[in-house]
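Following: one structure in structure tokens, then a few remarks.
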Amino acid sequence: MNRTRSQTEYARAKNLMPGGVNSAARAFGAVGGEPIVFERGEGAYLFDIDGNKYIDYIGSWGPMILGHQQEAVKEAVHAAVERGTSFGAPTVAENELAELMIEAVPSVEMVRLVNSGTEATMSAIRVARGYTGRDIVIKFSGNYHGHVDSLLVAAGSAAATLGVPSSPGVTAGTSKDTMVLGYNEVAEIEEAFATHGDKIAAVIMEPVCGNMGCVTPTEVFLNAVRSLTEKHGSVLIFDEVMCGFRVAHGGAQSLFGVTPDMTTMGKIVGGGLPLGAFGGKREIMQHVLPAGKVFQAGTLSGNPIATAAGIAMLKSLRDNPPYEKLEGLGTRLEAGLAAAATKAGVDHSIKRVGSMMTLFFNPEPVTGWSSAEKCDTEAFSKYFWGLIDRGVYMPCSQFEALFISAAHTDADIDHTIAAAEEVLCSQHG
Ligand code: KE4
């Protein structure tokens with residue numbers, strides 16, 4: 001595949017922006033080589049500036065559940081632009097979008113719109129601390145909640161010890177109130193509450209994890225987190241920025257029948273525009289300024305263009321739910337990739353929830369970061385580039401989930417499976 005224009009534009013970008021990107025995840029750091037520069041998306045496809053076509057399984061890291069240039073979203077954005085791009089004042093669209101979220105997500109009685117998933121989780125953490133008057137927040141290794149200082153924390157020296165910064169620029173002072181435990185490690189969360197119970201403000205988790213690859217919580221773990229937070233008066237925050245409206249209309253919480261105290265949202269809710277949200281029990285949300293005293297604000301929060309896109313997206317998902325189709329496509333792709341890996345003799349495991357999935361280059365089921373980190377990332381990189389050369393654009397890291405959209409077809413899935421079989425057999429067979 002000729003990608004010379006991409007290379008030229010990326011060289012230009014590296015001189016202008018750190019790493020030539022505006023988000024680290026896009027820089028192909030995990031797979032080597034240079035990122036591809038794209039011109040447009042259409043349905044299930046992306047087209048790069050050299051005219052190459054790819055079946056897109058990143059979907060902008062989740063938002064494109066209905067495919068690129070979805071008609072209703074496109075029309076809504078065009079119409080909104082004609083009325084002005086930003087007022088910094090209340091609009092009816094914010095009420096409409098808030099109602100659509102509250103109607104869909106079991107835990108959300110009130111909501112605040114923000115501009116990204118990071119803003120949503122950062123704000124939710126602050127509200128949980130303000131509401132409980134406590135400091136400690138528990139997160140889990142392998143879970144990513146955006147670039148919030150207090151969540152850019154690595155595990156402490158032992159379970160139930162407080163964390164240490166995982167990035168330069170994050171201070172020890174910020175990290176000392178965060179504890180990082182093992183996902184699906186029931187004993188660790190039990191020990192943490194036994195030791196620190198009445199000091200724990202919140203537990204934040206991905207109820208379906210996508211950020212160490214697709215990993216689900218065991219029922220025992222999920223029930224332990226819910227019952228321990230309940231017992232100790234800590235706020236349980238489900239970070240559904242990725243899995244919200246993705247795995248079901250009501251998100252992972254509606255699939256598992258576990259209701260958190262707060263939920264963070266992003267990606268799909270903005271229809272591909274910059275929009276996030278946090279919400280939860282009215283009793284908690286009433287602590288948010290100006291109703292309460294926990295400060296939260298944003299110039300472009302509830303922006304008319306983003307809310308128009310979000311309304312169109314959530315109405316489409318409510319009125320024409322794609323989840324049955326997505327389950328069918330997901331089942332087809334999962335079976336095909338498993339067959340291809342088996343035929344090539346590749347040690348692998350797969351985890352899928354609806355239209356989000358990961359093929360792990362690891363024979364063991366991946367249940368948490370300690371098993372995820374054993375994946376053969378070198379093998380993944382070769383698989384990734386082999387698929388790129390066959391017009392298939394997978395997430396550029398073993399520790400991400402792929403996303404299928406309602407615009408994908410059986411033919412797209414079958415092309416992907418055939419390409420994967422060719423690549424895996426040539427590299428391992
Ligand atoms: P944003 O600030 O990127 O909108 O959302 C942060 C975030 C919060 N919570 C979860 C569960 C998330 O997955 C994310 C962001 N996800 C990554 C992909 N794993 C976004 C890709 C990127 O950073 O460019």
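Throughout, read-outs are computed from the coordinates displayed, never taken from laboratory work. Since the structure is predicted, the reported quantities are computational estimates derived from the model, not experimental observations. Using ideal geometry, Cβ is built from the backbone for each residue, glycine included, and neighbour counts are taken over all protein chains shown.
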In this structure, is residue 196 within 16 Å of the ligand (Cβ to nearest atom) and surrounded by fewer than 21 Cβ atoms within 10 Å (Cβ to Cβ)? no
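Considering only the range 119-139, I want to know if a residue exists there that is assigned to a loop (DSSP other than H, G, I, E, B), on the phi < 0 side of the Ramachandran plot and within 23 Å of the chain's Cα centre (by Cα). It would help to see each step written out before you state the result.
If we filter the range 119-139 for residues that are assigned to a loop (DSSP other than H, G, I, E, B), which is where we start, we get 133-135.
Next, only the ones that are on the phi < 0 side of the Ramachandran plot stay: 134-135.
From the residues that got through so far, the ones that are within 23 Å of the chain's Cα centre (by Cα) too are none.
There is no residue in the range 119-139 that is assigned to a loop (DSSP other than H, G, I, E, B), on the phi < 0 side of the Ramachandran plot and within 23 Å of the chain's Cα centre (by Cα).
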Select from the range 239-253 the residues that are farther than 24 Å from residue 77 by Cβ and away from the ligand (no atom under 13 Å from the Cβ) and write down the one among them that is surrounded by the fewest Cβ atoms within 10 Å (Cβ to Cβ). 250
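Rundown of residues vs (1) surrounded by fewer than 15 Cβ atoms within 10 Å (Cβ to Cβ); (2) closer than 15 Å to residue 401 by Cα; (3) not hydroxyl-bearing (Ser, Thr, Tyr), yes/no style:
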{"residue": "300", "(1), (2), (3)": "no, no, yes"}
{"residue": "335", "(1), (2), (3)": "yes, no, yes"}
{"residue": "353", "(1), (2), (3)": "no, yes, yes"}
{"residue": "367", "(1), (2), (3)": "no, yes, no"}
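Can we say residue 256 is of a type in the set (Phe, Trp, Tyr) and within 14 Å of the ligand (Cβ to nearest atom)? Let's see the steps before the verdict.
Working: of a type in the set (Phe, Trp, Tyr): yes; within 14 Å of the ligand (Cβ to nearest atom): no.
No; evaluated as a whole, the condition is false for this residue.
Residue by residue, here is whether (1) farther than 16 Å from residue 282 by Cα; (2) in contact with a Ser or Thr (Cβ under 7 Å, 6 or more places away or on another chain); (3) not hydroxyl-bearing (Ser, Thr, Tyr) holds:
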{"position": "78", "(1), (2), (3)": "yes, no, yes"}
{"position": "82", "(1), (2), (3)": "yes, no, yes"}
{"position": "85", "(1), (2), (3)": "yes, no, no"}
{"position": "103", "(1), (2), (3)": "no, no, yes"}
{"position": "107", "(1), (2), (3)": "no, yes, no"}
{"position": "116", "(1), (2), (3)": "yes, no, no"}
{"position": "134", "(1), (2), (3)": "yes, no, yes"}
{"position": "138", "(1), (2), (3)": "yes, no, yes"}
Residue under question is residue 268, and the condition is that it be β-branched (Val, Ile, Thr), in a strand (DSSP E or B) and within 16 Å of the ligand (Cβ to nearest atom); does it hold? no
Go through the range 306-329 and count every residue that is out of contact with any Gly (no Cβ under 9 Å at 6 or more places or on another chain) and crowded, with 21+ Cβ neighbours inside 10 Å. 2
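Condition first: assigned to a helix (DSSP H, G or I) and either of a type in the set (Asp, Glu) or over 21 Å from residue 186 (Cα atoms) (or both). Now tell me which residues in the range 343-378 satisfy that.
Within the range 343-378, the subset assigned to a helix (DSSP H, G or I) is 343-344, 369-372, 377-378.
Within the range 343-378, 343, 344, 377, 378 meet the criteria.
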Quick check, is residue 286 out of contact with any Leu (no Cβ under 8 Å at 6 or more places or on another chain) and either surrounded by fewer than 17 Cβ atoms within 10 Å (Cβ to Cβ) or of a type in the set (A, V, I, L, M, F, W, C) (or both)? yes
Would the range 70-85 turn up any residue that is hydrophobic (A, V, I, L, M, F, W, C) and under 20 Å from the mean Cα position of the chain (by Cα)? no
Determine which single condition residue 98 fails, assuming it passes every other condition in (1) exposed (fewer than 13 other Cβ atoms within 10 Å of the Cβ); (2) in contact with a strand residue (DSSP E or B) (Cβ under 7 Å, 6 or more places away or on another chain). (1)
